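Asker: Quick one: this structure, given as structure tokens, is what I'll be asking you about.
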Amino acid sequence: MRNPSWIALLRFPWLVHGFLDRTLEEFAEPIPEEKLTPRQIAALRTHGISRGALALAEQVHGAETVEMMRGGGPPAPGADGLMTQTAGIALGIHVADCCAVYLADPGCRAIGLLHSGRKGTMAEMPGKGVRAMVRAFGSEPGEMVAALSPCIHICCYGTDFVADIERQLKKEGVREIWRHPDCTACSPERYDSYRRDRGRTGRMLAFMMIRQEKDGAFGSHIRSDAAA
């Protein structure tokens, strides 16, 4: 449970994912949540993700997860969670203390990416995100793998909302949950932290995409018992 969470996702060759942390040249001024920095755009390109392929959420600290059928365009209004079963659409979430929750269902090749801080977790963002994937894709929670990004921990916040994220995922039937050990507020050289920097900070980018392959090896797959 305490190992770096990315290990859990590396075993899926059909999945592209990453977490772009802070750099010294980018955290002098606050960065709006909907904006991508030049470094982030360049990093996405190295993973085969163009700006037009990236879908973002408005991130209102709520609990709505929406299905994305295409990338580009403005952030999905009112959404803090994104999900898709379509290859080539990259889901993106900005964080700076909140947790990015990666959800991968290898059974039906579906993915979800959730923005869950204290408010969102209290609104049951993680649990509702899992249920949204069940309704949309026929996902089986027991087959899902969840990976939690670096976020602020109880040592610097006083509230262990990450433990609540884990409890909600387990309640929905997710058995494999990986939690990154790093606290964003404890590591100013590596992570943006809204609380530590009193709002004058950047935004890190979590991203996730179902890989497109020319030979179809990792194309979209729908399980025969998936919900319509």
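The values are calculated or read from the model by the stated rules, or taken from the named source; none is laboratory data. This structure is a prediction, so every number in the text was calculated from the model and none was measured. Cβ placement follows ideal geometry from the backbone for every residue including glycine, while neighbour counts extend to all protein chains displayed.
Asker: In the range 176-193, how many are under 18 Å from the mean Cα position of the chain (by Cα) and not hydrophobic (A, V, I, L, M, F, W, C)? I'd like the intermediate steps shown before the answer.
Answerer: Taking the range 176-193 first, the residues under 18 Å from the mean Cα position of the chain (by Cα) are 176-184, 191-193.
Retained after the next criterion (residues that are not hydrophobic (A, V, I, L, M, F, W, C)): 176, 179-182, 184, 191-193.
Of the residues in that region, 9 qualify.
Asker: Separate question: Scan the range 31-89 residue by residue and report those that are charged (D, E, K, R) and at pLDDT below 90.
Answerer: Glu33, Glu34, Lys35, Arg39, Arg51
Asker: Suppose we keep only residues that are under 25 Å from Val134 (Cα atoms) and over 16 Å from the mean Cα position of the chain (by Cα) within the range 38-71. Which one would you say is surrounded by the fewest Cβ atoms within 10 Å (Cβ to Cβ)?
Answerer: Filtering first and then ranking leaves Met69.
Asker: Mind telling me which of the residues Ala147, Ala136, Ala104 ends up being more than 30 Å from Cys183 (Cβ to Cβ), modelled with pLDDT of 95 or more, aliphatic (A, V, I, L, M) and not in a loop (DSSP other than H, G, I, E, B)?
Answerer: Testing whether each residue is more than 30 Å from Cys183 (Cβ to Cβ), modelled with pLDDT of 95 or more, aliphatic (A, V, I, L, M) and not in a loop (DSSP other than H, G, I, E, B) leaves just Ala136.
Asker: Let me ask something additional. Considering only residues that are out of contact with any Gly (no Cβ under 9 Å at 6 or more places or on another chain) and part of a loop (DSSP other than H, G, I, E, B), look in the range 76-98 and name the one that is surrounded by the fewest Cβ atoms within 10 Å (Cβ to Cβ).
Answerer: Of everything passing the filter in the range 76-98, Pro77 is surrounded by the fewest Cβ atoms within 10 Å (Cβ to Cβ).
Asker: Let me ask something additional. Going by the structure shown, is Ser187 out of contact with any helix residue (DSSP H, G or I) (no Cβ under 7 Å at 6 or more places or on another chain) and either at pLDDT below 95 or buried (at least 20 other Cβ atoms within 10 Å of the Cβ) (or both)?
Answerer: Working: out of contact with any helix residue (DSSP H, G or I) (no Cβ under 7 Å at 6 or more places or on another chain): yes; either at pLDDT below 95 or buried (at least 20 other Cβ atoms within 10 Å of the Cβ) (or both): yes.
It is true that Ser187 is out of contact with any helix residue (DSSP H, G or I) (no Cβ under 7 Å at 6 or more places or on another chain) and either at pLDDT below 95 or buried (at least 20 other Cβ atoms within 10 Å of the Cβ) (or both).
Asker: Additional query: Hey, any hits in the range 201-208 for a residue that's over 17 Å from the mean Cα position of the chain (by Cα), surrounded by fewer than 20 Cβ atoms within 10 Å (Cβ to Cβ) and in contact (Cβ under 8 Å) with a residue 12 or more places away in the chain?
Answerer: Checked against the condition, which is being over 17 Å from the mean Cα position of the chain (by Cα), surrounded by fewer than 20 Cβ atoms within 10 Å (Cβ to Cβ) and in contact (Cβ under 8 Å) with a residue 12 or more places away in the chain, the range 201-208 yields no hits at all.
Asker: I would also like to ask the following. Please work out which one of (1) free of Cβ contacts under 8 Å to residues at least 24 places away in the same chain; (2) part of a helix (DSSP H, G or I) is the condition Gly71 fails and give its number.
Answerer: Among (1) free of Cβ contacts under 8 Å to residues at least 24 places away in the same chain; (2) part of a helix (DSSP H, G or I), the lone unmet condition for Gly71 is (2).
Asker: While we're on this one: Looking at (1) modelled with pLDDT under 95; (2) over 14 Å from the mean Cα position of the chain (by Cα), which one does Trp6 not meet, given that it meets all the others?
Answerer: Here Trp6 meets the rest and fails (2).
Asker: While we're here: Any chance the range 145-159 includes a residue that's farther than 24 Å from Tyr194 by Cβ and either buried (at least 24 other Cβ atoms within 10 Å of the Cβ) or not basic (Lys, Arg) (or both)? Give the derivation first.
Answerer: Within the range 145-159, the first condition is being farther than 24 Å from Tyr194 by Cβ, and the residues that meet it are 145.
Now drop any that are not either buried (at least 24 other Cβ atoms within 10 Å of the Cβ) or not basic (Lys, Arg) (or both), which leaves 145.
Within the range 145-159, one or more residues are farther than 24 Å from Tyr194 by Cβ and either buried (at least 24 other Cβ atoms within 10 Å of the Cβ) or not basic (Lys, Arg) (or both).
Asker: Would you be able to tell me the number of residues in the range 79-103 that are among the hydroxyl-bearing types (Ser, Thr, Tyr) and under 8 Å from the mean Cα position of the chain (by Cα)? So that I can check it myself, show each step before the final result.
Answerer: Step one: list which residues in the range 79-103 are among the hydroxyl-bearing types (Ser, Thr, Tyr), which gives 84, 86, 102.
Going one step further and asking which of them are under 8 Å from the mean Cα position of the chain (by Cα), we end up with 102.
Final tally of qualifying residues: 1.
Asker: For the range 130-158, which positions are under 11 Å from the mean Cα position of the chain (by Cα) and farther than 22 Å from Ser187 by Cβ?
Answerer: Ala146
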